[in-house]
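Remarks on the structure that follows.
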């Protein structure tokens, strides 16, 4: 079997990351999505993939490629070419779409989430194909452009292309290594419900001297938010927890065996001196994995500039997201929140559905998952840190499971780490993390093709 030069793959992956990150493919702003899809398709075609663009009404194109390999084995890869908005732009130390290599780190929006992983997979597959004349197995790859807005059209894309997506297993968007060097494996992801609350108290902003007699949108919104989540952190929406499924014994064992450096990462990368409710150790990891959340993503009302503007705001808005666990359903939770607001006297507060994702996971005992975990542990030389349910959400998992029936997971073929600042200013990847991701990818493709 021909060997490949990992160092040269690293350099190509780094160059490809730069090329991809120059595209400002912000799906929330519908920026540069078609041209980024064209670039991705061109890169796949140059590697030997037979490609096409999968289109549905109202969505940017998803790029599909298939590379025939030796034998009958097949693997589906999933990635996305869209990225998060860059705000607040003033906190970036270099322009977000002008990749900058500083102190062994490549800074750019989308580098960690998840263009560097596209680059690692592409450069590795290209090297194996060129060195051996064929890939170790048939590789099918779908790269969409709406993941950062909860993949609203992915379900339709899957429904129309089920046969194209069939494979023995799927590698979703991947993770990296824990702080202690253990490979991180995610077998599933939480669901998500994103909503917006709006209060219109007056026709126009008023002078703040009238606050004693005119209603305040800001205070009204504050009261509505306080009714949803109590001061003790509990979610006060009736029925919110009723559908929560008890985790299995295998899932509990996986969390007990996770790297304890999860806690160290949170302290180091986010400056947290203590955690909610004084959590630490196993109890912290259990809540991170098995508990739903209620979060305020942003609030806007009145004046936020320098100095003071004595104004009584006419309008106030809040953006919230709820991370959900099996068997919570976003549509049902939305209705519960609406009913709660009405019952608490906030029928005047508008509630708008923004996005959702269903919770979904692969069983810990799945054969494909076991093979991937085994390769990760062999290559890295340390036991895996397994997340039966990752704290984040990945909308595509449920669609692939229900329509295609393909098992999958998130594996350490992404050169990211806990401090990569995905979704934040100064997003970056470390050059040192490309090598382990590439070595794992080579070993995994060989194992699955054997």
| note | In the stretch 138-166, anything crowded, with 23+ Cβ neighbours inside 10 Å and either within 21 Å of residue 450 (Cα to Cα) or within 18 Å of the chain's Cα centre (by Cα) (or both) is listed as 139, 141, 142, 143, 144, 145, 146, 147, 151, 154
| request: Please identify the pairs in which a residue from the stretch 196-213 that is in the same structural domain as residue 352 (by TED's automatic domain parsing) and under 16 Å from residue 309 (Cβ atoms) has its Cβ atom under 7 Å from the Cβ atom of a residue that is assigned to a strand (DSSP E or B) and at pLDDT 95 or above, counting only partners at least 6 apart or on another chain. | output: 205/311; 205/312; 206/312; 207/312; 208/311; 208/312; 210/312; 211/312
| remark: Exactly one of 15, 34 is surrounded by fewer than 17 Cβ atoms within 10 Å (Cβ to Cβ) and either over 21 Å from residue 53 (Cα atoms) or not assigned by TED's automatic domain parsing to the domain that holds residue 110 (or both), and that one is 15
| said: Out of 289, 293, I need the residue that is touching a strand residue (DSSP E or B) at 6+ places or on another chain (Cβ under 9 Å) and assigned to a helix (DSSP H, G or I). Which one? | reply: 289
| residue 199 in a strand (DSSP E or B), modelled with pLDDT of 95 or more, under 19 Å from the mean Cα position of the chain (by Cα) and over 26 Å from residue 373 (Cα atoms) | no
| task | Test each condition in (1) touching a residue at least 40 places away in the same chain (Cβ under 8 Å); (2) within 28 Å of residue 400 (Cα to Cα) for residue 335 and report the one that comes out false. | result | (1)
| request: Report those strands (runs of 3 or more DSSP E) wholly inside the stretch 58-129 carrying at least 2 residues which are touching a strand residue (DSSP E or B) at 6+ places or on another chain (Cβ under 6 Å) and touching a residue at least 40 places away in the same chain (Cβ under 8 Å). | output: 62-67, 74-80, 105-107
| message | Any residue at all in the stretch 371-389 that's in contact with a strand residue (DSSP E or B) (Cβ under 9 Å, 6 or more places away or on another chain) and under 30 Å from residue 85 (Cβ atoms)? | response | yes
| note | Residues in the stretch 117-143 that are touching a helix residue (DSSP H, G or I) at 6+ places or on another chain (Cβ under 6 Å) and within 11 Å of residue 80 (Cα to Cα) total 1
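The values are calculated or read from the model by the stated rules, or taken from the named source; none is laboratory data. Worth saying up front: this structure is predicted, and the values here are computed from it rather than measured. Note that each Cβ is placed from the backbone with ideal geometry, even for glycine, and that neighbours are counted across all protein chains shown.
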